[in-house]
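Shown next, in structure tokens, is the structure this report addresses.
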């Protein structure tokens, strides 16, 4: 049954959301939004199993087959997108055209111009755009970011060990997280990038990316998707010589809730999100573009 066919009571100030994508992460997003807002409708290309999961776990949420129908639904205020990466741009653009605020999983888009277009579309419509760089909302990462505001980061190392198989390139699957983390800690985009590994190729499971932030500030991003151990590690050295270490096995659920609450608060206050807003996400995509180009240049060389 379509959501417009239902009689619903809306609590004052409660955001109503439609969610696209019910894969592993999409289900987590439905759960998180349900704790802080009302999930009115979902759509997914995952077939009957996803529809049955929604009916069993969130029976008040309707199901529609087409994203366009969901985005146009007048009962919802916002759309959250957890669909495959290649759909982020077109679905975010469609939701914005329908006057909906947008929370979209990383990356915002797979090229810089598309990301800029989405940011501008949100701006001209007075809509909020937030990208799910969820590690930025981890409480320990937030602490490190605060404490390095007056004690700048000199070097940082990001390591990610996972176990495959995987179908998406490192460039769009894992690098967006660490590029966003590095830019948040250094508070700027890198001046230069160096790449070892075909990060734009889905078959590449091991790679290293070096980011040069100028004035001796360096970050190293290392990936291994053939590891028997699933773990993410961050180690930071500051000007004062202090070391900050963080490990995640896997990321704690509160980080996603913190991201969702940040988005809801931004919409309610009529301002851009304080973290992972559209302009920041555009800069992340621009750096990813440069990394992709450097990887291809390295292969040609």
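The values are calculated or read from the model by the stated rules, or taken from the named source; none is laboratory data. Just so you know, these numbers come straight off a predicted model, no measurement behind them. No Cβ is skipped: glycine too gets one built from the backbone with ideal geometry, and neighbour counts run over all protein chains shown.
So here's what we get for this one:
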read-out	value
Any chance residue 207 is over 15 Å from residue 144 (Cα atoms), at pLDDT 95 or above and either in the same structural domain as residue 103 (by TED's automatic domain parsing) or in contact with a helix residue (DSSP H, G or I) (Cβ under 6 Å, 6 or more places away or on another chain) (or both)	yes
Residue 260 being over 30 Å from residue 34 (Cα atoms), assigned to a helix (DSSP H, G or I) and at pLDDT 95 or above	no
Among the residues listed as 122, 55, the single one being over 26 Å from residue 167 (Cβ atoms) and without any contact (Cβ under 8 Å) to a residue 12 or more places away in the chain	55
Unmet criterion (only one of (1) over 20 Å from residue 162 (Cα atoms); (2) touching a helix residue (DSSP H, G or I) at 6+ places or on another chain (Cβ under 8 Å)) for residue 198	(1)
Checking residue 248 against (1) buried (at least 17 other Cβ atoms within 10 Å of the Cβ); (2) over 16 Å from the mean Cα position of the chain (by Cα); (3) at pLDDT 95 or above, the condition it does not meet	(3)
Lone qualifier among 190, 152 - being out of contact with any helix residue (DSSP H, G or I) (no Cβ under 6 Å at 6 or more places or on another chain) and surrounded by 17 or more Cβ atoms within 10 Å (Cβ to Cβ)	190
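Yes or no, residue by residue, for (1) closer than 16 Å to residue 288 by Cβ; (2) surrounded by fewer than 19 Cβ atoms within 10 Å (Cβ to Cβ); (3) touching a residue at least 60 places away in the same chain (Cβ under 8 Å):
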residue	(1), (2), (3)
148	no, no, yes
170	yes, no, no
175	yes, no, yes
206	no, yes, no
221	yes, no, yes
227	no, yes, yes
239	no, yes, yes
